[in-house]
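Working notes for the structure below.
The values are calculated or read from the model by the stated rules, or taken from the named source; none is laboratory data. All of these numbers come straight from a predicted model, not from anything done at the bench. Neighbour counts run over all protein chains shown; Cβ positions are idealised from the backbone, glycine included. Areas reflect the complete protein model, heavy atoms only, side chains present, ligands, DNA and RNA absent. Shrake-Rupley method; radii C 1.70, N 1.55, O 1.52, S 1.80 Å.
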Amino acid sequence: MAYLSMGEAHRRITEYLNRFSDAVLTQDGSSLKQLLSISSNSPLLLSLADALNLFHDSNRLLKQSDRFSQISEIVSPLFRSIQNFRLGNLLDSYNAFEKAANAFIQEFRNWESAWALEALYVIAYEIRVLAERADRELASVGKTPEKLKGAGSFLMKVFGVLAGKGPKRVGALYVTCQLFKIYFKLGTVHLCRSVIRSIETARIFDFEEFPIRDKVTYMYYTGRLEVFNENFPAADQKLSYALTHCNPHREANIRMILKYLIPVKLSIGILPKNWLLEKYNLIEYSNIVQALKRGDLRLLRHALQEHEDRFLRSGVYLVLEKLELQVYQRLVKKIYFIQKQKDPSKAHQLKLEVIVKALKWLEMDMDVDEVECIMSILIYKNLMKGYFAHKSKVVVLSKQDPFPKLNGKPVNS
């Protein structure tokens, strides 16, 4: 850091105070948000932090001028937060920022128009990011991480401020999405239900009036929740909305959506193209798709084992594991077509021992009784139409449409 004189430090702090005050007086939300974005490491805030760490009497500057009195409750703890962030004291930075954020909310309640929404978005974002970093600092010294939970409580208070009638309500969805990120990070996704209920059932909210960015994020997280609940039609609808409306230049975001949408599509019988998996670096799904195409149970299990950690972290492992039934259906379908070529009149009669042999060729060691059980499940799940001739150990398939398509419906429906 270059040499900084006391006079230059004083000038920088005064300039920041003037900019903050002017932004509030002129209701310039765009300028105000830049002054609050601590984690951005902007040159403006870095130079201010250096000035604050040299000039230790910034509170005197706030008290000296009536012009700064209305912002002092916000700026005084904000200065401490900026100082500590620059020094790497992340816990102290979060604690101070939380005080500044609470003071900001008190002022925000009194502003009738929604001019400060952009600044509020930055407050909501920063409280989450600083809490995550503070928790990492706490964990590193053996203490219980608790700040992200506190940030969630703060954001619920912000949501309450925005949930009333008036122009400010358009900001509710952004805050909801920040809450989702906290709840997913903490593993407390059940807490999402109350805010979802508020958004989707309250008459004061018209979903279409929210910004497209927030709608995409909201649909992404609620789609993930539907995946966890195994409500695949709803997950398909929400994640497809997110994908369709996502900025096409945000490839990382598209990849995040596809990580969940692909398992959902697979579960309802829709296979992705290879170019899609390659373009968005989702090759962990390649062998799963191939296994479904070939009816290769061995390949499916190998793919699940190879990428088990990744699928478990995403929460889609169980969804993919349930694709085994579709793989069995494809295998039986292949045997059916081979028999149809040899003897069309007997194609619909499949001996269980033939299926056993096919599975053994795939290194899947099963006996006739196990195969009979699997065939029963396929018939029950409507993946196969037919019945058993139990004595002769034969599956008698329907002559009309023996292998119904899922047509966008999950196997369990």
Sort out which residues of the stretch 336-353 are crowded, with 18+ Cβ neighbours inside 10 Å and of a type in the set (A, V, I, L, M, F, W, C), and write them in order of number.
A347, L350, L352
Failed criterion for L243 (all others in (1) closer than 25 Å to W115 by Cα; (2) in contact (Cβ under 8 Å) with a residue 12 or more places away in the chain; (3) assigned to a helix (DSSP H, G or I); (4) not basic (K, R) hold)
(1)
Where residues in the stretch 276-314 are open to solvent by 10 Å² or more (accessible area, probe 1.4 Å) and not in a helix (DSSP H, G or I), which of them is nearest to F228 (Cα to Cα)?
H307
Strands (runs of 3 or more DSSP E) lying entirely in the stretch 325-413 (those with 3 or more residues that are of a type in the set (V, I, T) and in contact (Cβ under 8 Å) with a residue 12 or more places away in the chain)
394-397
Somewhere in the stretch 317-324, is a residue part of a strand (DSSP E or B), open to solvent by 50 Å² or more (accessible area, probe 1.4 Å) and either free of Cβ contacts under 8 Å to residues at least 40 places away in the same chain or among the acidic types (D, E) (or both)?
no
Give the number of residues within the stretch 373-399 that are open to solvent by less than 20 Å² (accessible area, probe 1.4 Å) and more than 22 Å from S345 (Cβ to Cβ).
2
State yes or no: is D66 modelled with pLDDT of 90 or more, open to solvent by 60 Å² or more (accessible area, probe 1.4 Å) and among the acidic types (D, E)?
no
If you go through the stretch 8-42 one residue at a time, how many are more than 28 Å from A114 (Cα to Cα) and open to solvent by 50 Å² or more (accessible area, probe 1.4 Å)?
4
Taking Y3 as the residue in question, decide whether it is touching a residue at least 12 places away in the same chain (Cβ under 8 Å) and not β-branched (V, I, T).
no
So in the stretch 247-273, with the set limited to residues that are surrounded by 22 or more Cβ atoms within 10 Å (Cβ to Cβ) and in contact with a Gly (Cβ under 9 Å, 6 or more places away or on another chain), which one is nearest to E321 (Cα to Cα)?
V264
Anything in the stretch 112-123 that is open to solvent by 40 Å² or more (accessible area, probe 1.4 Å) and not in a helix (DSSP H, G or I)? List them, or say none.
E112, S113
Can you pull out every residue in the stretch 233-246 that is touching a helix residue (DSSP H, G or I) at 6+ places or on another chain (Cβ under 7 Å) and open to solvent by 60 Å² or more (accessible area, probe 1.4 Å)?
H245
Collect the residues in the stretch 56-78 that are under 17 Å from L25 (Cβ atoms) and among the aliphatic types (A, V, I, L, M), keeping them in residue-number order.
L62, I71, I74, V75
Which residues, counting only those in the stretch 219-252, are of a type in the set (S, T, Y) and either within 13 Å of the chain's Cα centre (by Cα) or closer than 22 Å to L179 by Cβ (or both)?
Y220, Y221, T222, Y241
